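First the structure, in the form of structure tokens, and then the observations on it.
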Amino acid sequence: MSDRRARRRAETQEEILGIALEVMAAEGVAALNMATVARRLGIQPPSLYKYFPSRAAVYDALFKIGQEGYLDAVRQAAHGHEGLAAMGASLEAGARWIMDHQVLAQLLFWRPVPGFSPSREAYAPALEIHRHFATLIRAAVERGEVHPDAAGEEGLALAASLIAGVISQQLANEPGATYESGAFTRLVPRLPAVFAAAYPPP
């Protein structure tokens, strides 16, 4: 009986998160309203708090799900590639994921909710993403594709800024475009070369 209840609870939580994403897509990421979610779910607002104790808890759960999805995408893309090619594959996979999950991406990368700070558990996948790209860049250094400085914190910050800049421009100017048709996402394959030009091998 407890397993059945746990399964029902997990299913209800998943439904709540799905509705929350719909509300965020329609009203704005920062405009999530628990009463609206409860109404769409067909329950009274106090009942919603049995599943998530606060609006921040909903954001936290979505943040964790989003970071895990992004991490899985970039990790899978790197398989079968080495050095800068692996970095490029991961950047492309991450950009595609963002274009397919634009509402979640806003929560993950652009801090649209005043006062929201993810929990340590929810933020853990983000640290893994950082480590993933650090590993790829170190591999590119070992292959002689970039200067050793590229693997430092400044190099990692530049790599993150390159992809964030392209995606920010894309979402600001053509949010309805696909990855293939976007004027800015088409630049993603060039980013490893831009990065290598900033850190040419010795």
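The values are calculated or read from the model by the stated rules, or taken from the named source; none is laboratory data. In this text, all values refer to a predicted model and were calculated from it rather than measured experimentally. We place every Cβ from the backbone using ideal geometry, glycine too, and count neighbours over all the protein chains shown. Keep in mind that these areas ignore ligands, DNA and RNA; they rest on the heavy atoms of the full protein, side chains included. Shrake-Rupley method; radii C 1.70, N 1.55, O 1.52, S 1.80 Å.
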For this session: Could you check how much of the accessible area of the range 112-202 is carbon and sulfur, as a whole percent, using a 1.4 Å probe?
Result: 58
Exercise. Ignoring any ligand, DNA or RNA, what whole percent of the accessible area of the range 1-62 comes from carbon and sulfur when the probe is 1.4 angstrom?
Worked result: 47
Exercise. For the chain, taking Cα atoms only, what is the radius of gyration to one decimal and the Dmax to the nearest whole Å?
Worked result: 19.3, 65
For this session: Kindly provide the Kirkwood hydrodynamic radius of the range 1-42 in Å, to one decimal, from all pairs of distinct alpha carbon atoms.
Result: 10.9
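So for the range 112-172, Kirkwood radius off the Cα pairs, Stokes-Einstein at 4 °C and 1.567 mPa s: how many µm² s⁻¹?
This corresponds to a translational diffusion coefficient of 97 µm²/s.
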Problem set entry | Ranked order, Y199, Y49 - accessible area, probe 1.4 Å, largest first | Y49, Y199
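Taking 0.36 nm per intervening residue step and subtracting the Cα-Cα distance, what contour gain separates A6 from D72 on full extension?
Gain in length upon complete extension: 21.2 nm.
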Seminar exercise, completed: In degrees, nearest 10, the alpha-carbon axis of helix 55-78 is tilted away from the dominant principal axis of the alpha carbons of the chain by 30
Seminar exercise, completed: With the dipole of the chain defined by +1 on each Lys or Arg Cβ and -1 on each Asp or Glu Cβ, the option from I163, L32, G115 whose Cα lies farthest towards the positive pole is L32
Exercise. Okay, helix-only estimate at 222 nm for the chain: each DSSP H run of n ≥ 4 adds -39500 (n - 2.57), divide by all residues, round to 500 deg cm²/dmol; what do you get?
Worked result: -23000 deg cm²/dmol
Seminar exercise, completed: Counting only protein heavy atoms and rolling a 1.4 Å probe, one gets per residue an accessible area for the chain in Å² of 54
Seminar exercise, completed: Treating only Lys and Arg (+1) and Asp and Glu (-1) as charged, each at its beta carbon, one finds that the chain has a dipole about its Cα centre, in Debye to the nearest 20, of 760
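Which net charge results when you count Lys and Arg as +1 and Asp and Glu as -1 among the other residues whose beta-carbon is under 14 Å from that of G94?
Computed value for this residue: -3.
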Problem set entry | Computed label-point distance, nm, for sites E22 and L156 using a 7 Å Cα→Cβ extension | 4.0
Exercise. Tilt of helix 120-142 relative to the longest C-alpha principal axis of the chain, in degrees (0 to 90, nearest 10)?
Worked result: 10
